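So the structure is just underneath, and the comments pick up after that.
The values are calculated or read from the model by the stated rules, or taken from the named source; none is laboratory data. Keep in mind the model is a prediction, meaning the values are calculated, not measured. Cβ coordinates were reconstructed from backbone atoms using ideal geometry, including for glycine residues, and neighbour counts include every protein chain displayed. Each accessible area value is taken on the protein alone, full model and side chains, heavy atoms only, with ligands, DNA and RNA left out. Shrake-Rupley method; radii C 1.70, N 1.55, O 1.52, S 1.80 Å.
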Amino acid sequence: MTKTLHFILYLAIGVLCFSCGEFKEEDNESSFDEITHLLDSTESINLEMGNTIFSMPSPIQLVLELQNNNDGFHPELLHEVSQNNAYSDDFKRALNLGIYGTDLAYCSVFEMTSEAVAYFSAMKHMSEDLHINYAFDNNLIQRFTDNIGNNDSLLILSSVAYQSIDVYLKENENYGLSSLVLAGGWIENMYLLSHKYNNNKSEHAINEIAQQQYVLEHFITLLKNTGNSDDYWELIQQFEDIDYLYQEITNEYEYVAPSTNSSIKQTTIKSKTSSSADAILIDQIVEQYIELRNTITE
Amino acid sequence: MKNSLFSFAVLTLTLISSLTLSSQTHCDSLHNIVKDLLSENIYDNSIYITDGQAYKSFLGESEISEISTTLFEGTTYRIATSAGIEENFMLFELYDQDRNLLFSNSDYNNSPYWDFKVENTIECTIETHLDLNKKLEGCALMMIAFKKAK
């Protein structure tokens, strides 16, 4: 027994030294592979449904669209920042954390620095209420403070804040909250896009709403797989009501061979898509998006 | 005997936590590698901003990670992957909704990143797996970022 103990002791000390040293893959690759193989059940941090992971669009990308279309900054559309401590359950907190994330991105895109700081602060408070404040570490807070006034840096840090929450929740296997934060961010995106559409019902605006159909369907699958409480059921119902309207749209797809410029490592995807969406149907869809968002923030 | 068993249990736990720490370090190191790929070889005055999600998986010998996404028109995306310090461990392919192959990095020396300029919004699937000639299993990370003009 003593010999066995000594063997284990030496082995443990050896592994401790190994794990505290700088990681050099060339030297230790096979050992790492053996180790990670033993631990594979803890490694995956994606929202996997079967073998599929759903990638949701960046809230920043969608708010940049608003800026590109010269739609202007509409502070009246943002969720009231003081409401960050008004929610008593984690379900609503997570959704509203996502909503604040999009509002932070919206303020950053339009260079509304003081508003961006207020939303960052609201997100931090809300993450404390959700007990995920480790996602907002001092480094992130410091970087945010240091970059106030630098629009692009704030945008990147908005993305980092989102990613930090996402990674933290998934590493802690809290897939339910993770999907709600993502859903909240996207709902706010759709709320802002819906108002933009109501101000100018152009063909471009119609297409912008129509093109979100697949994202909505990804969210429905995601939510069905990550939560089963009444709150989830209700949210999924609301999503399915909107999807029911989307089903009236006929989408067509035509494959066109892509072209690649390898010298700049770029491929242009030329496949064509078209949809039969019209303003009457999109009117109904945006009305539902606005109602959904207002229900979540109230 | 009781003391010996207790010591045995403590040492075993120490061993397991050490293994976890080293594995975590390995996977965490991928984050910076992929992040650096997002700022490599940008030929114009622009930046790549991630979609806020990290697609991490542990890939075995014949495992494929499948990511379903919508790529929006008028946007240039960068897909970047890593499974270790060597740049060419990972293979990734992009398929459209009808399973037409749009791109495979195996045609370009397993390039760890590639840019995609999207003319029309499409539904697509990204499949990632290890190049079994170079690595049999391990932690893998992918990021999707979109291009923003400065």
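Just a few scattered comments:
- Protein accessible area in region A:48-297, 1.4 Å probe - carbon and sulfur %: 43 percent
- Region A:48-297, relative contact order in percent, only Cα pairs under 8 angstrom and at least six apart counted: 21 percent
- For region A:267-298, backbone nitrogen atoms closer than 19 Å to the point 7 Å from residue A:74 Cα along Cα-to-C-beta are found at A:279-298.
- The gain in end-to-end length when the residue A:250 to residue A:279 segment is fully stretched comes to 9.0 nm, 0.36 nm per residue minus the alpha carbon separation.
- Residues of type aspartates and glutamates that residue B:134 reaches as a straight line, Cα spacing below 14 Å, ignoring anything fewer than 8 places off in the same chain: A:25, A:26, A:29, A:33, B:61, B:86, B:87
- In region A:48-297, lysine pairs with alpha-carbon atoms under 29 angstrom apart (chain gap of 8 or more, or interchain): 12
- Shielding of A:56-62 by partner chains, average beta-carbon count, 10 Å: 6
- Table column - 3J(HN,Hα) (Hz), region A:263-277, Karplus curve with 6.51, -1.76, 1.60, x for Gly and Pro: 5, 10, 6, 9, 10, 9, 8, 10, 4, 10, 10, 8, 9, 8, 4
- Protein accessible surface hidden between B and A, which excludes ligands and nucleic acids, total in Å², probe 1.4 Å: 6700 Å²
- Charge tally around residue A:204: other residues with Cβ under 12 Å, Lys/Arg +1 each, Asp/Glu -1 each, net -3.
- Taking packing as the residue-averaged number of other Cβ atoms within 10 angstrom, the listed peptides A:255-265, A:200-210, A:171-181 run from highest to lowest as A:171-181, A:200-210, A:255-265.
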